[in-house]
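Asks: Pasting a structure here, questions to come.
The values are calculated or read from the model by the stated rules, or taken from the named source; none is laboratory data. Values in this document were obtained by computation on a predicted structure and should not be read as measured data. Here the Cβ positions follow ideal geometry from the backbone for every residue, glycine too, while neighbour counts run over all protein chains shown. Areas reflect the complete protein model, heavy atoms only, side chains present, ligands, DNA and RNA absent. Shrake-Rupley method; radii C 1.70, N 1.55, O 1.52, S 1.80 Å.
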Amino acid sequence: MHCDGGFCSGNENNNHIIASDHQDDIYAHAGDDIIEARDRADKIFGQPDQDYGEGNAGPDNIHGDDGADFYSCGGFNCGLEGGPGEDNIWGGEHSDFLGGGAGASDHLSGQAGRDRLHTQGDGEADLADGGPDSDDCYVDPQDIVFDCQAH
């Protein structure tokens, strides 16, 4: 399914949604979905089940929901947030915001750039890996932290 610019929505099935060359707001709905952003500042909203969302050249925002999701930033200055479920969230080459969700252990990896990683308040043992540059991690005492300044 290809978006044509603006609002784009999947259905209750497993979808493969590809953003347009314009700025899109993409809603995945239920099902195990694959969502690909493009060159503009796209917003992706995952829904229940296991989703895979990938940012591209724009400063994309990806918001998860229930399910074990995988989100990555292929562009710059992304905002990536998991939802309830065990999420894997990977930043891009620039400064990104990565946030884990409640209810399960998450794995956040900042990659390059000055990133902010948040895993506080979920009561789970999360993994926060800032990556090669100077990063800030806002974590709980039980979280495992690599390559970042823990707060």
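Asks: Can you tell me which condition Asn56 does not meet? The list is (1) in contact with a Lys or Arg (Cβ under 8 Å, 6 or more places away or on another chain); (2) without any contact (Cβ under 8 Å) to a residue 12 or more places away in the chain, and all the others hold.
Replies: Answer for Asn56: the failing condition is (2).
Asks: Let me ask another. Looking only at region 6-44, count every residue that is under 15 Å from Gly58 (Cα atoms) and part of a loop (DSSP other than H, G, I, E, B) and tell me the total.
Replies: So the count comes out to 11.
Asks: Quick one: in region 85-115, of everything that is in contact with a Ser or Thr (Cβ under 8 Å, 6 or more places away or on another chain) and of a type in the set (Asp, Glu), which residue is modelled with the lowest pLDDT?
Replies: Within region 85-115, the match that is modelled with the lowest pLDDT is Glu86.
Asks: Continuing with this model, one more query. Name the residues in region 38-55 that are within 19 Å of Phe97 (Cβ to Cβ) and under 12 Å from the mean Cα position of the chain (by Cα), would you? Lay out the reasoning, then the answer.
Replies: Of all residues in region 38-55, those within 19 Å of Phe97 (Cβ to Cβ) come to 40-46, 51, 53-55.
Across region 38-55, the qualifying residues are Lys43, Ile44, Phe45, Gly46, Asp51, Gly53, Glu54, Gly55.
Asks: Right, Asp39: within 22 Å of Gly5 (Cβ to Cβ), at pLDDT below 90, open to solvent by 10 Å² or more (accessible area, probe 1.4 Å) and out of contact with any Phe, Trp or Tyr (no Cβ under 7 Å at 6 or more places or on another chain) or not? Walk me through how you get there before you give the answer.
Replies: Numbers: within 22 Å of Gly5 (Cβ to Cβ): yes; at pLDDT below 90: yes; open to solvent by 10 Å² or more (accessible area, probe 1.4 Å): yes; out of contact with any Phe, Trp or Tyr (no Cβ under 7 Å at 6 or more places or on another chain): yes.
So Asp39 passes the test.
Asks: Being touching a Lys or Arg at 6+ places or on another chain (Cβ under 8 Å), polar (S, T, N, Q) and within 12 Å of Tyr71 (Cα to Cα) is the filter here, so list the residues in region 84-136 that pass it.
Replies: Those that are touching a Lys or Arg at 6+ places or on another chain (Cβ under 8 Å), polar (S, T, N, Q) and within 12 Å of Tyr71 (Cα to Cα): none in region 84-136.
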